[in-house]
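These notes are about the structure you will find just below.
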């Protein structure tokens, strides 16, 4: 039964779910850092491909990305959730998160921040612009390289959606991506 009744609701994070991400950056001496974010999103899907992340100015990664102009969005699989949460509980100012949480840095092809080997999708970005949007700054990055683990691809090199199993964030909780319902007819 459909109801037309609505009640006022808390206004924080009203759009969900979104992919959770481990975003890597580096300091001026090349030391890598990881920040856990509840959202990474597409801003432009072609010509050029631009993605966005939002980070509060007080966060360590905010300064690193602002200074270096580069970052990598790493999309973690569901079985990595414990380490995703751990990376979000401490600051990279004090902890080497790769070493502390047993994550493997892989060299990127176009930017200095590393990929995370345990994440099957990695998106290398060069910073285009930063805009203050409320209590966070929106980092807009042009995608300069996009990598996927071969296990996500079929024999023709096409993505097998059912193999993704990425972590999504919805209303202050993490979930596994659900089963395929249908595909977009373009």
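Readers should treat all values here as calculations from the given coordinates under stated rules, not as data from a laboratory. Nothing here was measured: the structure is a model prediction, and the numbers come from that model. In this analysis, Cβ positions are derived from the backbone assuming ideal geometry, glycine residues included, and neighbour counts consider all displayed protein chains.
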Stokes-Einstein at 4 °C, 1.567 mPa s, Kirkwood radius from Cα pairs: D for segment 87-186 in µm² s⁻¹? 78
What is segment 93-151 by shape, rounded, prolate or oblate, if you read a ≥ b ≥ c off the alpha carbon gyration tensor as root eigenvalues and call it rounded for a/c under 1.5, prolate for a/b larger than b/c, and oblate otherwise? oblate
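Can you check what the Kirkwood hydrodynamic radius comes to for segment 128-186, Cα pairs only, in Å to one decimal?
So the Kirkwood estimate lands at 15.1 Å.
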Per-residue Cβ contact counts at 10 Å, fewest first, order 24, 166, 109 as 109, 166, 24
Considering only 55, 35, 45, give the residue with the highest GNM mean-square fluctuation for the chain, with springs between Cα atoms whenever their separation is below 10 Å. 45
Value at 222 nm in deg cm²/dmol, rounded to 500, when DSSP H runs of n ≥ 4 in the chain each add -39,500 (n - 2.57): -3000 deg cm²/dmol
State the percent of C-alpha pairs, over all pairs in segment 30-83, separated by a distance greater than 20 angstrom. 33
Roughly how far apart, in whole Å, are the Cα centres of segment 18-48 and segment 75-91? 14
Over the chain, volume per residue of the alpha carbon convex hull, in Å³: 163
